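K.L.:
The structure is given below, and queries will be raised subsequently.
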Amino acid sequence: MLETTAAPAGVDELIASLPPSFRWGVATSAYQIEGAVHEDGRGRSIWDTYCRVPGAIDGGDIGDVACDHYHRMPDDVALMQDLGIDAYRFSVAWPRVQPGGRGGVNPAGLAFYDRMVDELLGRGIDPWVTLYHWDLPQELEDAGGWPVRDTAYRFADYAMLVFDALSDRVHAWTTLNEPLCTAMLGYYRGVQAPGRRDFGAAIHAVHHLLLGHGLAVQRMRAAAANPVQLGITLNTSSVSPATGSPADVEAARRADGLGLRIYLDPLVHGAYPADVIEDLEVRGVRVPVQDGDLAVISTPFDSLGINYYFSTLVSGVDSTGRTVDADGVPVELDVRYGRPVTAMDWEITPDGFTELLARIGRDYPGIPLVITENGAAFKDEPDETGFVRDDDRAAYLAAHIAAVARARQAGADVRGYFVWSFMDNFEWSYGYDKRFGLIRVDYETQRRIPKHSAHWYRDTIRRVRGA
Ligand code: FCB
């Protein structure tokens, strides 16, 4: 049986220490839940294409129907209201709003988000919009995708189409979700759309993603008629060397450099980290910076979104004792802490969450933080009514919310927390088998059944608010 992290003593007290002003929410993304890929003029995205590559997705799954949220949105929003959340973080599908990634708006596609914003506000839920959660219009990928500079400008144009339509009612805007995944998993590792394997292209993608973010922030700020909160979401992890050996310490430095600092240093300090630039040079890669880019990228923003699932130990030596692989790339191996794992085989490391938040607060001070994703997949076993008694998920959430409270006590300015995910959904290359939801989705009937963790989350929010 899967062992899970039991709530250590003090978890309830820590959670109860969060202030009534702390914001509680749930998160999803467009391609993972909407379905309706051929409706109302939606164009094709790189995920529609990638899902059709044989072997790319476990079980051959595909997002064509997903949770059918496009047709069930009002009922889903009603379920959110039952959870008692303050805010819902969702993403807008670029190919619905601007099907080929350039040119005018597709009014029918945009109308879906317009209706959703009204539905949310009508139920007292604050809409938090993410503009890009990985579903690039295929036509832009055909023109070179994120490794090409023009994509940054296309993104800023698209951002303004959405901003102009919704910013009279939406104040919280996130430009990009996890640029690391877009760049490294999509263009280097080839395990997410568009499935390319080219390290140099991935580093170019990093720069153009950051540039697109900066351009969009500048234009949204200039156009805002109401107060807005602009930000970006990064996926993060606390990286430590497996041992004190110089090779492991170096590997951890490199992993932290390409995992976190290559994003946060230019965003906050206006410069790429010197050691990362040197590492890239050794690999024959240059970041394609043009005059003025770093000033655009470091345009001030209001809140940093943190997605956290696990922390890692890294070794710089492989099993044969080598520190460089056959292609001349320095070795960077993930090593186990020996902790219990989730169904993703991710180790459960809430203590790393506290360390990470405290460190970001120290190294990048003055930026309010929001946890825009945290959660866990477990092997859910529904009873005959479809109910899932997911004590493991509730324990994971409790331990991580307590870790946030501990980080706040250590000085990290964390203002809110969103569970990934509101409901079970299409978990990218893992397909539908990996369930992260507070709400179970029976994919045959599209029935939604709140799990034990949904009740736990609702009660926790109530308790903290003192309601
Ligand atoms: C994050 C993604 C999100 C979901 C979770 C499990 O990296 O942003 O869409 O897949 O992982």
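The values are calculated or read from the model by the stated rules, or taken from the named source; none is laboratory data. Just so we're clear, the structure is a prediction, and the values are computed from it rather than from any experiment. Cβ atoms come from the backbone with ideal geometry, glycine included; neighbour counts cover every protein chain shown.
K.L.:
Out of (1) within 16 Å of the ligand (Cβ to nearest atom); (2) farther than 26 Å from TYR88 by Cα, what's the single condition that is false for ALA193?
P.N.:
Answer for ALA193: the failing condition is (2).
K.L.:
Continuing with this model, one more query. Are any residues in segment 97-109 of a type outside the set (S, T, N, Q) and touching a Leu at 6+ places or on another chain (Cβ under 7 Å), and if so, which ones?
P.N.:
Step one: of segment 97-109, the residues of a type outside the set (S, T, N, Q) are 97, 99-105, 107-109.
If the condition is that a residue be of a type outside the set (S, T, N, Q) and touching a Leu at 6+ places or on another chain (Cβ under 7 Å), then VAL97, GLY101, VAL105 are the ones that fit.
K.L.:
Please verify whether segment 340-352 includes one or more residues that are surrounded by fewer than 11 Cβ atoms within 10 Å (Cβ to Cβ), free of Cβ contacts under 8 Å to residues at least 60 places away in the same chain and within 23 Å of LEU234 (Cα to Cα). Write out each step before concluding.
P.N.:
So in segment 340-352, the residues surrounded by fewer than 11 Cβ atoms within 10 Å (Cβ to Cβ) come out as 345.
Checking which are free of Cβ contacts under 8 Å to residues at least 60 places away in the same chain leaves us with 345.
Remaining after also requiring within 23 Å of LEU234 (Cα to Cα): 345.
The answer is yes; a qualifying residue exists.
K.L.:
Give the residue that is farthest from the ligand (Cβ to nearest atom), with candidates limited to residues of segment 453-467 that are surrounded by 17 or more Cβ atoms within 10 Å (Cβ to Cβ) and either of a type in the set (Gly, Ala, Ser) or assigned to a loop (DSSP other than H, G, I, E, B) (or both). If you could, list the steps in order and put the result at the bottom.
P.N.:
Going residue by residue through segment 453-467, those that are surrounded by 17 or more Cβ atoms within 10 Å (Cβ to Cβ) are 453-454, 456-458, 460-461, 464.
Among the residues that remain, those that are also either of a type in the set (Gly, Ala, Ser) or assigned to a loop (DSSP other than H, G, I, E, B) (or both) are: 453-454.
Numbers: SER453: 15, ALA454: 17 Å.
Ranking the qualifying residues of segment 453-467, first place goes to ALA454.
K.L.:
Among the numbered criteria (1) closer than 26 Å to ALA399 by Cβ; (2) of a type in the set (Lys, Arg); (3) more than 16 Å from the ligand (Cβ to nearest atom), which one does ARG89 miss?
P.N.:
For ARG89, the exception is condition (3).
K.L.:
Condition test on GLY431, is it in contact (Cβ under 8 Å) with a residue 24 or more places away in the chain and within 12 Å of the ligand (Cβ to nearest atom)? Can you show your working first?
P.N.:
On the way: in contact (Cβ under 8 Å) with a residue 24 or more places away in the chain: yes; within 12 Å of the ligand (Cβ to nearest atom): yes.
For GLY431, the condition - in contact (Cβ under 8 Å) with a residue 24 or more places away in the chain and within 12 Å of the ligand (Cβ to nearest atom) - is met.
K.L.:
Would you point out the residue of segment 123-145, among those that are of a type in the set (A, V, I, L, M, F, W, C), away from the ligand (no atom under 16 Å from the Cβ) and not in a helix (DSSP H, G or I), that is farthest from the chain's Cα centre (by Cα)? Before the answer, list the steps.
P.N.:
Quick first cut of segment 123-145, residues of a type in the set (A, V, I, L, M, F, W, C) only: 125, 128-129, 131, 134, 136, 140, 143.
Now restrict to residues that are away from the ligand (no atom under 16 Å from the Cβ): 125, 140, 143.
In the following step, the residues that additionally are not in a helix (DSSP H, G or I) were identified as 125, 143.
Numbers: ILE125: 20, ALA143: 25 Å.
Only one residue tops the list, namely ALA143.
K.L.:
Are there any pairs with C-beta distances below 8 angstrom linking a residue in segment 374-397 that is of a type in the set (Ser, Thr, Tyr) to a residue that is at pLDDT below 95 and away from the ligand (no atom under 16 Å from the Cβ), with the two at least 6 apart or on different chains, and if so which?
P.N.:
TYR396/THR4; TYR396/THR5
K.L.:
Between residues in segment 69-89 that are of a type in the set (Lys, Arg) and residues that are surrounded by fewer than 19 Cβ atoms within 10 Å (Cβ to Cβ), which pairs lie under 9 Å by C-beta distance while being six or more apart or on different chains?
P.N.:
These pairs meet every condition: ARG72/GLN446.
K.L.:
Please work out if ARG52 is within 23 Å of GLY190 (Cβ to Cβ), free of Cβ contacts under 8 Å to residues at least 24 places away in the same chain and of a type outside the set (Gly, Ala, Ser). Spell out the reasoning first.
P.N.:
Values: within 23 Å of GLY190 (Cβ to Cβ): yes; free of Cβ contacts under 8 Å to residues at least 24 places away in the same chain: yes; of a type outside the set (Gly, Ala, Ser): yes.
Considered against the rule, which asks whether it is within 23 Å of GLY190 (Cβ to Cβ), free of Cβ contacts under 8 Å to residues at least 24 places away in the same chain and of a type outside the set (Gly, Ala, Ser), ARG52 comes out as yes.
K.L.:
A follow-up question, please. Mind telling me which of the residues LEU260, LEU280, LEU304, LEU264 ends up being of a type outside the set (Lys, Arg) and either part of a loop (DSSP other than H, G, I, E, B) or in contact with a Phe, Trp or Tyr (Cβ under 6 Å, 6 or more places away or on another chain) (or both)? Even if it seems obvious, please write down each step before you answer.
P.N.:
Numbers: LEU260 fails: either part of a loop (DSSP other than H, G, I, E, B) or in contact with a Phe, Trp or Tyr (Cβ under 6 Å, 6 or more places away or on another chain) (or both); LEU280 fails: either part of a loop (DSSP other than H, G, I, E, B) or in contact with a Phe, Trp or Tyr (Cβ under 6 Å, 6 or more places away or on another chain) (or both); LEU304 fails: either part of a loop (DSSP other than H, G, I, E, B) or in contact with a Phe, Trp or Tyr (Cβ under 6 Å, 6 or more places away or on another chain) (or both).
From the options LEU260, LEU280, LEU304, LEU264, the qualifying one is LEU264.
K.L.:
Considering only segment 210-242, state which residues are in contact with a strand residue (DSSP E or B) (Cβ under 7 Å, 6 or more places away or on another chain) and either without any contact (Cβ under 8 Å) to a residue 60 or more places away in the chain or hydroxyl-bearing (Ser, Thr, Tyr) (or both).
P.N.:
Hits for segment 210-242 are THR233, THR236, SER237, SER240.
K.L.:
Within segment 62-118, which residues are of a type in the set (Asp, Glu) and either on the phi > 0 side of the Ramachandran plot or part of a loop (DSSP other than H, G, I, E, B) (or both)?
P.N.:
To start, the set of residues in segment 62-118 that are of a type in the set (Asp, Glu) comprises 64, 68, 75-76, 82, 86, 114, 118.
Selection gives ASP64, ASP68, ASP86.
K.L.:
Of the residues that make up segment 435-452, is at least one over 22 Å from CYS67 (Cβ atoms) and either in contact with a Phe, Trp or Tyr (Cβ under 9 Å, 6 or more places away or on another chain) or outside any helix (DSSP H, G or I) (or both)?
P.N.:
Here is the first cut: in segment 435-452, the residues over 22 Å from CYS67 (Cβ atoms) are none.
No, every residue in segment 435-452 fails to be over 22 Å from CYS67 (Cβ atoms) and either in contact with a Phe, Trp or Tyr (Cβ under 9 Å, 6 or more places away or on another chain) or outside any helix (DSSP H, G or I) (or both).
K.L.:
Which residues, counting only those in segment 154-191, are part of a loop (DSSP other than H, G, I, E, B), more than 22 Å from PRO288 (Cβ to Cβ) and either among the basic types (Lys, Arg) or touching a helix residue (DSSP H, G or I) at 6+ places or on another chain (Cβ under 7 Å) (or both)?
P.N.:
ARG169, VAL170, VAL191
K.L.:
Follow-up. Filter segment 328-351 for residues that are in a loop (DSSP other than H, G, I, E, B) and among the hydrophobic types (A, V, I, L, M, F, W, C); which is farthest from SER315 (Cα to Cα)?
P.N.:
Residues of segment 328-351 in a loop (DSSP other than H, G, I, E, B): 328-329, 331-332, 336-340, 342-346, 348-349.
From what's left, among the hydrophobic types (A, V, I, L, M, F, W, C): 329, 331, 343-344, 346, 348.
Details: VAL329: 14, VAL331: 8, ALA343: 24, MET344: 21, TRP346: 17, ILE348: 19 Å.
In this case the residue turns out to be ALA343.
K.L.:
Ok, one more. Looking only at residues in segment 371-388 that are assigned to a loop (DSSP other than H, G, I, E, B) and within 16 Å of the ligand (Cβ to nearest atom), which one is farthest from ASP433 (Cα to Cα)? Talk me through it step by step, then tell me what you get.
P.N.:
Here is the first cut: in segment 371-388, the residues assigned to a loop (DSSP other than H, G, I, E, B) are 374-381, 383-387.
Applying the additional criterion that residues be within 16 Å of the ligand (Cβ to nearest atom) yields 374-380.
Details: ASN374: 18, GLY375: 16, ALA376: 13, ALA377: 9, PHE378: 10, LYS379: 9, ASP380: 10 Å.
Selected residue: ASN374.
K.L.:
Could I ask something else about it? Out of ASP383, ASP318, report the one residue that is surrounded by fewer than 23 Cβ atoms within 10 Å (Cβ to Cβ), of a type outside the set (A, V, I, L, M) and within 24 Å of PHE426 (Cα to Cα). Steps first, answer last, please.
P.N.:
Details: ASP318 fails: within 24 Å of PHE426 (Cα to Cα).
Testing whether each residue is surrounded by fewer than 23 Cβ atoms within 10 Å (Cβ to Cβ), of a type outside the set (A, V, I, L, M) and within 24 Å of PHE426 (Cα to Cα) leaves just ASP383.
K.L.:
Further, regarding this structure: For ARG286, work out the one condition from (1) within 16 Å of the ligand (Cβ to nearest atom); (2) loosely packed, with under 15 Cβ neighbours inside 10 Å it doesn't fulfil.
P.N.:
Going through (1) within 16 Å of the ligand (Cβ to nearest atom); (2) loosely packed, with under 15 Cβ neighbours inside 10 Å one by one, ARG286 breaks only (1).
K.L.:
So ILE277 passes all but one of these: (1) aliphatic (A, V, I, L, M); (2) within 16 Å of the ligand (Cβ to nearest atom); (3) closer than 22 Å to ALA205 by Cα. Which condition number does it fail?
P.N.:
The number of the failed condition is (2).
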